[in-house]
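To keep things clear, I will list the structure first and then write my remarks on it.
The values are calculated or read from the model by the stated rules, or taken from the named source; none is laboratory data. Note that the structure is a prediction, hence the values are computed from the model and not measured. All Cβ positions, even for glycine, are placed from backbone atoms using ideal geometry, and neighbour counts span all protein chains on display. Each accessible area value is taken on the protein alone, full model and side chains, heavy atoms only, with ligands, DNA and RNA left out. Shrake-Rupley method; radii C 1.70, N 1.55, O 1.52, S 1.80 Å.
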Amino acid sequence: TIPLSEGLEHANVYLEVINFRHQDKIELSVSIEPDVRDCYIPQFMLQPIMENAVVHAFGDASHGYFIRLRSFSENGNLYILITDNGKGMTGEELASLKQSLNREEVSDESIGLVNVHQRIRLFYGEDYGIHISSSPGKGTEIKILLPLRDHSENMAGNMRGTDIYDLSGTDCR
């Protein structure tokens, strides 16, 4: 796991690269409560969600798009909300995406979101993961729910229902 601040840095660099290619068409707004900046999250979690917004929500090359990222803690949980003002999804598209979050076989279109959701649930349990809301023409909100952690965890040793043992700190010479 990595600190939330580091995950935000990776997401910001990704968006800078995208904006370089597309002449600054996407604005990123970040609002993080100070007490959660150093909370730990799984690696490679925010960037796939940002990428999803860029690829699916912002199809054309017009200006005025934004991604808002907000994070706070409540009742021992960490909430990360990622909102875009893209094209949004119809009810059918949203229902299909929500269904695919819990499938083992995934279509190529939603593999990033599904991967993030399944990793969160595998590491922390069924109470955690991604929740999606969307309206056509208004955008999409991805809500990530994680347990609040103030220290790094080895995710391999934390996987529920598995017998994976971490030997990363072991001298095997």
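Hey, for a label at Asp150 modelled as a point 7 Å past Cα toward Cβ, could you say which residues of the stretch 70-95 have their backbone N under 18 Å away?
Residues 72-79 fall inside that zone.
Give the carbon-plus-sulfur fraction of the accessible surface of the stretch 1-97 in %, rounded to a whole number; probe 1.4 Å, heavy atoms of protein chains only. Present the calculation step by step, with values, prior to reporting the outcome.
Numbers: 2490 of 5040 Å².
Heavy-atom surface of the stretch 1-97 belonging to carbon and sulfur, 1.4 Å probe: 49 percent.
With a 1.4 Å probe and every protein chain left in place, work out the accessible area per residue of the stretch 1-98 in Å², rounded to a whole number. If you can, show how the numbers build up before the last one.
Values: 5130 Å² over 98 residues.
Here the per-residue accessible area is 52 Å².
Determine the order of Met45, Met89 by accessible area, beginning with the largest, at a probe radius of 1.4 Å.
Solvent-accessible surface, decreasing: Met89, Met45.
Out of the stretch 78-152, which GluC sites (Glu not before Pro) are coil in DSSP terms and have no more than 12 other C-beta atoms within 10 Å?
Sites meeting the loop and neighbour criteria: Glu104, Glu105, Glu126.
Amide H of Ile67: which non-local residues (sequence gap of 5 or more, or other chain) have their own amide H closer than 5 Å, using H built in the peptide plane?
Sorted by chain and number, the residues that satisfy this are Glu27, Leu28, Ser29.
What is the sum of charges, Lys and Arg at +1 and Asp and Glu at -1, for the other residues whose Cβ falls under 15 Å from the Cβ of Gln47? Don't skip to the end; give the middle numbers.
Numbers: positive: Arg119; negative: Glu6, Glu9, Glu16, Glu51, Asp84.
Charge balance in the 15 Å sphere: -4.
Report the accessible area of Asp127, computed with a 1.4 Å probe over the heavy atoms of all protein chains in place, in Å² rounded to the nearest 10.
So the heavy atoms of Asp127 present about 120 Å² to solvent.
For every other residue with a beta carbon closer than 9 angstrom to the beta carbon of Ile80, add +1 if it is Lys or Arg and -1 if Asp or Glu, then tell me the sum. Before the final figure, lay out the partial values.
Details: positive: Arg70, Lys143; negative: none.
That works out to +2.
Give me the distance in nm between label points sitting 7 Å out from Cα along the Cα-to-Cβ direction at Asp127 and Val17, one decimal.
3.6 nm
Working with all protein chains in place, sort Val17, Val54 by solvent-accessible area computed with a 1.4 Å probe, largest first.
Working: Val17 85, Val54 15 Å².
The ordering from most to least exposed comes out as Val17, Val54.
Going by accessible area, probe 1.4 Å, with all protein chains left in place, what is the ranking of Phe123, Phe20, largest first? Let's see the in-between values first.
Numbers: Phe123 20, Phe20 170 Å².
From most accessible down to least: Phe20, Phe123.
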